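The values are calculated or read from the model by the stated rules, or taken from the named source; none is laboratory data. Values in this document were obtained by computation on a predicted structure and should not be read as measured data. A quick note on method: Cβ atoms are made from the backbone with ideal geometry, for glycine too, and the neighbour counts reach across all protein chains shown. These area figures cover heavy atoms from the full protein model, side chains too; ligands, DNA and RNA do not enter into them. Shrake-Rupley method; radii C 1.70, N 1.55, O 1.52, S 1.80 Å.
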Protein chains: 2
Amino acid sequence: MDAIDRLLVRLLEEDARRTYNELSAQVRLSANTVADRVRRLRAAGVIRGFRADLDPAALGRGLTMVSDVRLREDVDRTHFERELHRVPQVVSGARMTGEYDYQLRLACLGPAEFETVVDRLKREHGVRELRSRLVLHELDVSATGLLDLA
Amino acid sequence: MDAIDRLLVRLLEEDARRTYNELSAQVRLSANTVADRVRRLRAAGVIRGFRADLDPAALGRGLTMVSDVRLREDVDRTHFERELHRVPQVVSGARMTGEYDYQLRLACLGPAEFETVVDRLKREHGVRELRSRLVLHELDVSATGLLDLA
DNA sequence: AATGAAAGCACACTGGT
DNA sequence: ACCAGTGTGCTTTCATT
């Protein structure tokens with residue numbers, strides 16, 4: 001994980017579809033060596049994968065809510081986590097310390113859909129309490145931050 | 001934005017480096033047409049870009065905190081949002097409704113670094129109050145959700 | 001919008017320093 | 001770890017429907 005690896009990661013973070021050839025020109029190594037390095041970064045788990053970055057709004061999901069969630073005492077967390085992918089509006093989530101057990105991010109068509117999601121989480125997934133707020137807008141914080149101290 | 005576009009988006013969401021050739025085999029159109037469709041999806045803003053998905057832990061940032069933030073009355077939100085990228089530990093953020101003004105996600109080396117970030121946000125960025133909790137682990141919710149109703 | 005043909009590139013191998 | 005050469009496969013452009 002030297003300076004060149006960090007540069008490669010940064011370039012792929014900007015545009016994951018850059019060719020090895022293009023990368024090689026930037027880092028002044030052969031395309032071959034670059035491909036090797038990228039494979040190593042993947043194998044090491046630094047790069048988890050390459051994803052298309054989608055705009056929920058452009059897909060009609062203009063309403064994003066962040067919901068803190070507390071589960072009922074009797075529900076199994078592992079089970080909750082496994083079953084959560086059945087609710088398509090849940091776009092991410094994390095277990096957290098603090099007053100609540102999880103924080104979920106919900107991308108919805110509108111308030112009506114959010115309402116059905118709330119009901120569903122309570123009815124089918126053992127959610128006891130739910131504290132939600134609306135995302136007004138996302139900040140773009142140029143994801144290069146992860147590399148500045150790595 | 002028909003069913004084929006949705007399938008393409010899903011495939012690129014799984015692996016953004018799939019070739020047009022591979023995609024063409026999946027959707028039973030020519031590679032050419034697939035490339036056209038993907039370009040259109042980009043132009044339409046449905047696909048914002050292609051990103052390498054990095055593991056903060058593998059980069060040494062093993063401590064992720066979620067912090068709700070309230071700004072001092074006198075600070076300009078636009079300015080706050082523009083200057084935030086100077087704090088490399090801030091990996092994402094959003095303006096929100098509710099008791100707090102923003103929610104930030106902070107990827108830190110450890111508690112000591114988090115402490116310096118807290119101080120810096122208060123000293124340099126007009127943060128008045130900060131309510132933080134630790135991310136225990138992220139859930140993986142197979143990001144296909146955005147497409148199931150799109 | 002979709003297709004096929006063909007030129008130009010990029011990629012994965014192998015082998016070699 | 002890095003590089004060069006080679007064959008194969010990919011992307012792109014253009015003409016066509």
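What to note about this one:
- Some residue of segment B:67-78 being open to solvent by less than 20 Å² (accessible area, probe 1.4 Å), away from DNA strand D (no atom under 13 Å from the Cβ) and in contact with a Ser or Thr (Cβ under 7 Å, 6 or more places away or on another chain): yes
- Candidates B:Arg10, B:Arg82, B:Arg37, filtered to the one that is on the phi < 0 side of the Ramachandran plot, part of a helix (DSSP H, G or I), touching a residue at least 24 places away in the same chain (Cβ under 8 Å) and more than 15 Å from DNA strand D (Cβ to nearest atom): B:Arg10
- Here A:Ser92 passes the criteria (1) hydroxyl-bearing (Ser, Thr, Tyr); (2) closer than 26 Å to B:Arg6 by Cβ; (3) open to solvent by 60 Å² or more (accessible area, probe 1.4 Å) except the one numbered (3).
- Unmet requirement for B:Phe50, which otherwise passes all of (1) more than 17 Å from the chain's Cα centre (by Cα); (2) not assigned by TED's automatic domain parsing to the domain that holds B:Leu121: (1)
- Test: residue in segment A:115-131 that is at pLDDT 95 or above and under 16 Å from the mean Cα position of the chain (by Cα): no
- Evaluation of B:Ala107 against (1) open to solvent by 50 Å² or more (accessible area, probe 1.4 Å); (2) touching a residue at least 12 places away in the same chain (Cβ under 8 Å); (3) within 21 Å of the chain's Cα centre (by Cα) (one fails), failing number: (1)
- Taken over segment B:110-122, residues that are free of Cβ contacts under 8 Å to residues at least 12 places away in the same chain and acidic (Asp, Glu) amount to 2.
- Of all residues in segment B:93-125, those being part of a loop (DSSP other than H, G, I, E, B) and over 18 Å from B:Leu136 (Cα atoms) number 6.
- Positions within segment B:62-79 being part of a strand (DSSP E or B) and farther than 14 Å from B:Gly126 by Cβ, in sequence order: B:Leu63, B:Thr64, B:Met65, B:Val66, B:Ser67, B:Asp68
- Residue in segment A:71-83 that is within 16 Å of the chain's Cα centre (by Cα) and either within 8 Å of another protein chain (Cβ to nearest Cβ) or not acidic (Asp, Glu) (or both) present: yes
- Residues satisfying the stated conditions in segment A:13-62, i.e. more than 9 Å from DNA strand C (Cβ to nearest atom), open to solvent by less than 20 Å² (accessible area, probe 1.4 Å) and away from every other protein chain (no Cβ under 13 Å): A:Val27
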